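Visitor: Just dropping this structure here.
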Amino acid sequence: MTGAGGDVAAGMAAIVIAAAFGGPDVLSIIEEPAAEPGPGQARVTLRAAGVNPADYKAYSGAFGADPARLPVRPGSEAAGVVSAVGPGAPGPTGPAGPVAVGDEVIAYRVSGAYATELVAPAAALVPKPPALDWAQAACLMVAGVTAWHLLAATDVREGDTILIHGGAGGVGLMALQLASGRGATPVVTARPTKHGFLRELGALPVAYGPGLAGRVRAAAPGGVDAALDLVGTDEALDVSLELVADRARIATIAGFARGFREGIKVLGGAPGADPGTQIRDAARLELTRLAAARALRVFVTQTFPLDKAAEAHRAVMTGHTTGKIALIP
Ligand SMILES: NC(=O)c1ccc[n+]([C@@H]2O[C@H](COP(=O)([O-])OP(=O)(O)OC[C@H]3O[C@@H](n4cnc5c(N)ncnc54)[C@H](OP(=O)(O)O)[C@@H]3O)[C@@H](O)[C@H]2O)c1
């Protein structure tokens, strides 16, 4: 079978959680025919997929364990080459223009990105910046748009000092670079073994744990204007509330229940949180522009073959990786 434009659809492999919620052992790999793109869609031969904590939370029970949600097809971001486009004129068009066979693209936000082939709406496809390799391109968007939303929601601007809890993770490394790009000074919490790396990126690292507020005051004697909580611990929220006077300039993407109680900004897909859909959608092309200009780097510190997705999840579940992990089909 042939798509309206493109190559013959062959078989594909995909990771699924078919029958039960649980740990990474419930992941399995299946083979099936690749789907054909419909109108307004394209099929992408994937070269890499980004791994995110939400991918394991989707089947761990953290978001509920309703059997009706199975099967789960994990993966919300990927990068690859358009191999077919759906029928109809003028053809699928994405945020940056027409999408054609052979285009190198980033796919976000999609589902089922842990696969060798993916059919996606063209609205989810943006051009891959040549400055990024496949793994970096696959890992740009989830962390990038989340960091962008965090900075927008807390109105981070030139001259600010901003505290980022969890500065060495996927979102943290994006947030600190974007904050620096706006002319703000990022003070970031991380394990001491990561401080040298974070200093090289222009951040002021401090160790989390008892005494954190004092260490942040020492690093930022002029005070802290805004705080971003990427870890959801009581410590991160306590210190943010102690050091930042204006609760509208404190945001969390992980401490939902307490975040609502404290009246700070709660961002993301949880019920009652601000999904920031327009801000995040618009951020995609800004992020690719910055990456193309080499003004934003994507730090992929580990890659795993697609059929080792469970190992990738065990790594992310430690909660202490640095930057991003990618799967390579
Ligand atoms: N709401 C949303 O829209 C949204 C979007 C994306 C992600 N998230 C959530 O945000 C969180 C972070 O995502 P991510 O992709 O950046 O995760 P990640 O890449 O797994 O990074 C987690 C980081 O947290 C650090 N960390 C662990 N315990 C810490 C503590 N007690 N204090 C300070 N830092 C600590 C770790 O560094 P050390 O080695 O230094 O401990 C690690 O680098 C996850 O819970 C994720 O599910 C939410």
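The values are calculated or read from the model by the stated rules, or taken from the named source; none is laboratory data. Keep in mind that what you see is a predicted model, and the values were worked out from it rather than measured. Quick reminder, even Gly has a Cβ in these numbers, built from the backbone with ideal geometry, and neighbours come from all protein chains shown. For the accessible areas, the whole protein counts, side chains as well, though only heavy atoms, and no ligand, DNA or RNA atoms are used. Shrake-Rupley method; radii C 1.70, N 1.55, O 1.52, S 1.80 Å.
Visitor: Suppose we filter ALA49, ALA42 for residues that are within 25 Å of ALA254 (Cα to Cα), touching a strand residue (DSSP E or B) at 6+ places or on another chain (Cβ under 8 Å) and in a strand (DSSP E or B); which single one remains?
Guide: Every option except ALA49 fails the conditions.
Visitor: Within region 60-75, is there a residue that is touching a Leu at 6+ places or on another chain (Cβ under 8 Å), in contact (Cβ under 8 Å) with a residue 24 or more places away in the chain and not in a loop (DSSP other than H, G, I, E, B)?
Guide: Checking region 60-75: not a single residue is touching a Leu at 6+ places or on another chain (Cβ under 8 Å), in contact (Cβ under 8 Å) with a residue 24 or more places away in the chain and not in a loop (DSSP other than H, G, I, E, B).
Visitor: Taking region 262-306 as the region of interest, how many residues are small (Gly, Ala, Ser), out of contact with any helix residue (DSSP H, G or I) (no Cβ under 6 Å at 6 or more places or on another chain) and more than 11 Å from the ligand (Cβ to nearest atom)?
Guide: Adding up the residues that qualify gives 6.
Visitor: Turning to a different aspect of this structure: Go through (1) within 10 Å of the ligand (Cβ to nearest atom); (2) open to solvent by less than 10 Å² (accessible area, probe 1.4 Å); (3) more than 23 Å from the chain's Cα centre (by Cα) and name the single condition VAL188 misses.
Guide: (3)
Visitor: Between a residue in region 117-143 that is within 12 Å of ALA42 (Cα to Cα) and any residue that is within 16 Å of the ligand (Cβ to nearest atom) and open to solvent by 30 Å² or more (accessible area, probe 1.4 Å), which pairs come within a Cβ distance under 7 Å, given they are 6 or more apart or on different chains?
Guide: Partner pairs satisfying both residue conditions: ALA124/ARG109.
Visitor: Right, next: So for region 33-51 (the condition being of a type in the set (Val, Ile, Thr), without any contact (Cβ under 8 Å) to a residue 60 or more places away in the chain and either within 26 Å of LYS308 (Cβ to Cβ) or surrounded by fewer than 17 Cβ atoms within 10 Å (Cβ to Cβ) (or both)), does at least one residue qualify?
Guide: Within region 33-51, not a single residue is of a type in the set (Val, Ile, Thr), without any contact (Cβ under 8 Å) to a residue 60 or more places away in the chain and either within 26 Å of LYS308 (Cβ to Cβ) or surrounded by fewer than 17 Cβ atoms within 10 Å (Cβ to Cβ) (or both).
Visitor: Next up: Among what's in region 141-156 and is of a type outside the set (A, V, I, L, M, F, W, C) and farther than 21 Å from SER111 by Cβ, pick the residue that is farthest from the ligand (Cβ to nearest atom).
Guide: ASP155
Visitor: If I ask for residues that are surrounded by fewer than 16 Cβ atoms within 10 Å (Cβ to Cβ) and more than 26 Å from VAL216 (Cβ to Cβ), which ones from region 237-285 would you list?
Guide: GLY269, PRO271, GLY272, PRO275, THR277, GLN278, ASP281, ALA282, LEU285
Visitor: Restricting attention to region 16-24, does a residue exist that is of a type in the set (Val, Ile, Thr), within 13 Å of PRO121 (Cα to Cα) and open to solvent by less than 30 Å² (accessible area, probe 1.4 Å)?
Guide: Looking for residues that are of a type in the set (Val, Ile, Thr), within 13 Å of PRO121 (Cα to Cα) and open to solvent by less than 30 Å² (accessible area, probe 1.4 Å), one finds none in region 16-24, hence no.
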